[in-house]
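Let me begin by presenting the structure, written as structure tokens, before commenting on it.
Computed from the coordinates by the stated procedures, all read-outs in this text should not be read as laboratory data. All values derive from a computational prediction rather than experimental measurement. Please note: Cβ atoms are built from the backbone with ideal geometry, for glycine as well, and neighbour counts cover all protein chains shown.
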Amino acid sequence: MTMFKNKIEREIFFRFSFLVLIAILCVVVIFTVSGMLGPILLSAVATYLLYPVINIMERHRINRAVAILIVYLILSCIIFFIAQHSYTKLVTQFSTLQTDMPDIFHQVIAKLGEIEARYSQKYVFLAELNITSKLQGAAIGLSRSLLTSTPAVISSLASLILLVPFYTFFLLLDGSRIKRWILAILPNRYFESGLQLLFDINRQMGGFIQARLLEAAIVGAVVYIGLLIAGVKYALFLAVFAGLLNLVPYIGPFIGALPGLAVAYFYTKSGLMVGVVSAIYLLGQLIDIIFVIPLVFSKIINIHPMLVVVLIIIGSDLMGIVGMILAVPVFCILKAMFNTVYTRIVVAR
Amino acid sequence: MVLSLWSSGMFKKRDDECIIRDALRRNVLFESLTQRQLSIVNKIVHIRKYGVGEYVFNQHQPGAGMYIIVKGKIGIQTEKLVIDEETEKEKKDTVLLTTLEENDFFGELALVDDKSLRSASAKVLEPATLIGFFKPDLLEIMDTQPVIGMKIAFKIAQILGQRLVETNEELARQGFVK
């Protein structure tokens with residue numbers, strides 16, 4: 001007795017096994033060969049961002065490959081323009097900050113030490129926590145890594161600049177074909193579920209990435225304008241840092257604000273200035289919470305805020321900062337998978 | 001295995017494209033499309049092969065789209081509860097509603113209904129090659145090629161309207177509607 005009912009079932013079984021083998025091989029290669037995961041993840045992000053733009057151009061009867069090249073050309077021009085105007089400023093700000101960082105941390109920690117000494121007699125638990133020495137250790141580590149890891153960061157940035165546009169080009173051009181190829185290998189009984197699942201994941205991820213980057217850009221822009229008006233040094237660098245850290249949910253905005261507050265205190269020694277800078281970061285967060293999240297984000301991911309906190313804690317425990325960033329999107333994928341399985345297997349019964 | 005996959009048609013892209021294009025050209029849903037528009041649709045539909053006895057979809061399952069029969073025979077059937085005369089207990093009985101052949105299509109309601117559950121099962125009676133056209137494909141084509149999307153959506157509306165008229169006439173014939 002054969003395990004297959006007919007020739008087609010046997011053929012599909014072999015195709016599916018072939019797909020599973022290739023998928024396992026790809027996952028193993030991506031996770032074992034160093035420097036592969038980052039460019040692939042960034043290419044996926046770039047693809048989700050550019051996909052709607054390419055679709056709009058295709059709607060106007062522009063060939064897809066030509067549309068991608070036009071977008072690349074326009075983006076190169078924008079990047080070149082920004083680089084010409086801001087690169088020197090950003091690099092100068094970064095290198096000055098790199099030199100000033102140990103002093104800034106030293107002064108901030110000394111001030112914190114004074115505060116701690118003043119209150120630890122009154123509140124005994126503060127002495128037990130020993131916050132200042134813990135912060136000192138972290139600060140030394142951070143400034144040391146900022147000095148030593150810069151060349152490595154620059155070299156990995158160079159490989160990203162080469163690889164990400166390359167991968168993104170093919171994902172934009174052949175994304176639909178790759179999707180159809182995967183679906184073609186799925187066994188008939190899982191085909192409709194697979195198709196619906198891919199569609200749901202794509203839609204959720206696309207919306208999620210676009211919303212998160214829009215949030216980061218808005219927060220970064222508000223912080224930049226505010227710091228510029230307040231006359232804080234390194235405004236551009238601090239705004240880019242705040243925008244990027246905003247991608248880490250919940251604790252990201254706080255960490256993103258710390259360098260700005262430290263710089264404000266170091267250069268002005270004024271409590272008022274620290275207050276103004278805090279207000280600027282707070283304003284960025286308020287705009288995010290009041291406008292961006294309700295208008296954009298909540299419509300895309302329907303997850304309770306409590307659950308988001310739990311997911312971030314789990315993500316941080318498993319994979320650190322990367323885990324915190326990936327926790328919510330990975331949960332969205334699992335949720336879409338669960339929904340598909342639930343509606344197709346449980347409800348259908 | 002790779003050789004077997006090759007010979008089994010996994011990479012025979014050109015053959016599949018010709019089959020799909022001919023079948024699409026003959027189908028009422030795509031009849032208003034030009035040659036260029038057909039070749040665009042050709043790139044987004046899915047070709048599936050089924051063996052005898054396999055189910056294309058099952059009753060009460062969420063539907064994702066429609067199928068066009070290129071080759072083979074499909075039985076559309078529903079399950080209903082009947083009383084077993086011997087045991088006098090309720091049991092499920094399968095009723096064959098219709099048999100569909102080459103160039104027929106089925107499941108088109110799922111293209112427009114958001115939470116539609118299949119009202120019947122589609123079982124393969126003779127080895128079949130089907131073209132699948134699904135809601136995500138329709139949405140994609142509406143996004144990238146709105147003119148084609150509009151033509152297809154208009155045809156779907158026409159077909160569903162026609163089905164409604166036919167259902168009303170049938171109900172009238174059976175005395176449910178005056």
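Data overview
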{"quantity": "Cβ charges +1 (Lys, Arg) and -1 (Asp, Glu), total dipole of the range A:187-349, debye", "calculated": "200"}
{"quantity": "For B:T129, A:T32, A:T343, order by how many other beta-carbon atoms lie within 10 Å, fewest first", "calculated": "A:T32, A:T343, B:T129"}
{"quantity": "The range A:187-349 - Rg (one decimal) and Dmax (whole number), Cα, Å", "calculated": "19.6, 70"}
{"quantity": "Ranked B:M150, B:M142, criterion: other C-beta atoms within 10 Å, fewest first", "calculated": "B:M150, B:M142"}
{"quantity": "Helical contribution to [θ] at 222 nm, DSSP H n ≥ 4, -39,500 (n - 2.57), averaged over chain B, rounded to 500", "calculated": "-12000 deg cm²/dmol"}
{"quantity": "Charge dipole magnitude, Cβ of K and R +1, D and E -1 - chain B, Cα centre, debye nearest 20", "calculated": "720"}
{"quantity": "The range B:127-177 - convex hull of alpha carbons, volume per residue in Å³", "calculated": "115"}
{"quantity": "Label point distance in nm, B:N103-B:L139, each placed 7 Å from Cα along Cα→Cβ", "calculated": "3.3"}
{"quantity": "Within straight-line cross-link reach of A:K111, aspartates and glutamates at Cα separation under 14 Å, skipping those fewer than 8 residues along the same chain", "calculated": "A:D103"}
{"quantity": "Inter-centroid distance (Cα atoms) of the range B:34-62 relative to the range A:266-280, Å", "calculated": "64"}
{"quantity": "Difference of contour (0.36 nm per residue) and Cα-Cα distance, A:M36 to A:I24", "calculated": "2.8 nm"}
{"quantity": "Dimensions in Å of the range A:155-218 - Rg and Dmax from alpha carbons", "calculated": "15.7, 47"}
{"quantity": "Residue among B:L24, B:L164, B:L96 with the largest mean-square fluctuation in a Gaussian network model of chain B, springs linking Cα atoms under 10 Å", "calculated": "B:L164"}
{"quantity": "Taking the range B:12-164 and dividing mean pair separation by its residue count, relative contact order in percent (alpha carbons under 8 Å, at least six apart)", "calculated": "32"}
{"quantity": "Exposed-loop-free span, longest in chain B, where chymotrypsin sites (Phe, Trp or Tyr not before Pro) count as exposed if DSSP calls them loop and at most 16 other C-beta atoms lie within 10 Å", "calculated": "B:12-175"}
{"quantity": "Dipole of chain B [Lys/Arg +1, Asp/Glu -1 at C-beta], most positive-end residue of B:I152, B:L97, B:V70", "calculated": "B:I152"}
{"quantity": "Rg/Rh for the range B:12-164, where both radii come from Cα atoms and Rh is the Kirkwood radius", "calculated": "1.03"}
{"quantity": "Neighbour-count order for A:I287, A:I24, B:I74, A:I56, fewest beta carbons within 10 angstrom listed first", "calculated": "A:I24, A:I56, A:I287, B:I74"}
{"quantity": "DSSP loop GluC sites (Glu not before Pro) with at most 16 other Cβ within 10 Å excluded, longest remaining stretch of chain B", "calculated": "B:103-178"}
{"quantity": "Listed pairs B:K71/B:K123; B:K49/B:K123; B:K135/B:K155; B:K49/B:K155 exceeding 18 Å between Cα atoms", "calculated": "B:K49/B:K155"}
